[in-house]
Structures are given as C-alpha cells and as structure tokens.
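Working notes for the structure below.
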C-alpha cells in the first residue's frame, strides 16, 4: 500500500462560529494530502499538468468523526490501495495530535488530457511508481 503523511495546522480563519473547522475546509486538507503524496512519489501536480495530464476530482466521500479546532496540528494520512489506471482513488484519514480520528475520506480523481479534456490512462511512470508500493 502506498502511504504518505503530511501535517497541517488549523488556522483561525478555517473555523466556524462554533469554533470547529468548517466542514468544507476538509476538502482542502485532503487536497494538501494528495498533492504532497504525489510529490513524495516524484510526481508534483505542476509537472503532471506540464505533461498535459489533469486530475479533476469526480467523487468525494467524507465521514466526520470528531471536530478539529483552531491551532490543532493535524496529520493527514493518504493512501492508494488499488492499482490505478484512468482513475486514482485516494483513501485519507485525518488525526489530531492526540491521535483521535477526525475524518475518513475517499477521493476519486480521473486522469484527463489537458487539451481534449477526455479521460486517458495515467502516465506509465506514475502508475508504475504507485504499483511498486502495492
């Protein structure tokens, strides 16, 4: 299984009137996890886009377990558990400093051609790199 961890600190502007992280901000946290996971694997988004490969999100499922609050240091664990092709499914979990599970999520991205905007198979070198972890 491909696994990468990154940390992010909750900023005051990301909280709501109740003092909790606003639910919509978790999608951005998950994106940070995905971007850093791909960078760790040697495939920064910027480089993929320069090669004409775009990765839009086509599905996002989030289960909220416990609220995060201002100044929490969150750990985002991002995994890829199945061999990708046209679609890449990222499974993510976010934990607070106490190790409590905050969020579980699944995000599906589709590789598309930057010009035609049509689905394509992911770059072989990216797929081979991910396969090497599985």
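Length available on full extension from residue 100 to residue 17: 0.36 nm per residue minus the Cα-Cα distance, which gives 27.6 nm.
When only Cα pairs below 8 angstrom with a gap of at least 6 residues are kept, the chain shows a relative contact order of 30 percent.
Over the chain, the pair-distance histogram of Cα-Cα distances with 10 Å bins from zero comes to 12, 42, 30, 14, 2 percent, rounded to whole numbers. For region 43-89, a Kirkwood radius taken over Cα pairs fed into Stokes-Einstein (4 °C, viscosity 1.567 mPa s) yields D = 92 µm²/s. If R0 is 30 Å, the Cβ-Cβ spacing of residue 82 and residue 7 corresponds to a FRET efficiency of close to 0.70.
Pop the C-beta distance of residue 73 and residue 124 into the FRET formula with R0 = 22 Å and round what comes out to the nearest 0.05. About 0.05, to the nearest 0.05. By the helix-only formula, in which each DSSP H run with n ≥ 4 contributes -39500 (n - 2.57) and the sum is divided by residues, the chain has a 222 nm mean residue ellipticity of -6500 deg cm²/dmol. The slack in the chain from residue 47 to residue 63, taken as 0.36 nm per residue of separation less the alpha-carbon distance, amounts to 2.6 nm.
For residue 133, project a label point 7 Å along Cα to C-beta. Then give me every residue of region 1-33 with its amide nitrogen under 13 Å of that point. Inside the label zone: 1-6, 33. Can you give me the Cα centroid spacing of region 1-30 and region 37-114 in angstrom? What the calculation gives is 12 Å, centre to centre.
Read the figures in this text as sums done on the coordinates, not as results from a lab. Quantities reported herein were computed from a predicted structural model and do not represent experimental measurements. We place every Cβ from the backbone using ideal geometry, glycine too, and count neighbours over all the protein chains shown.
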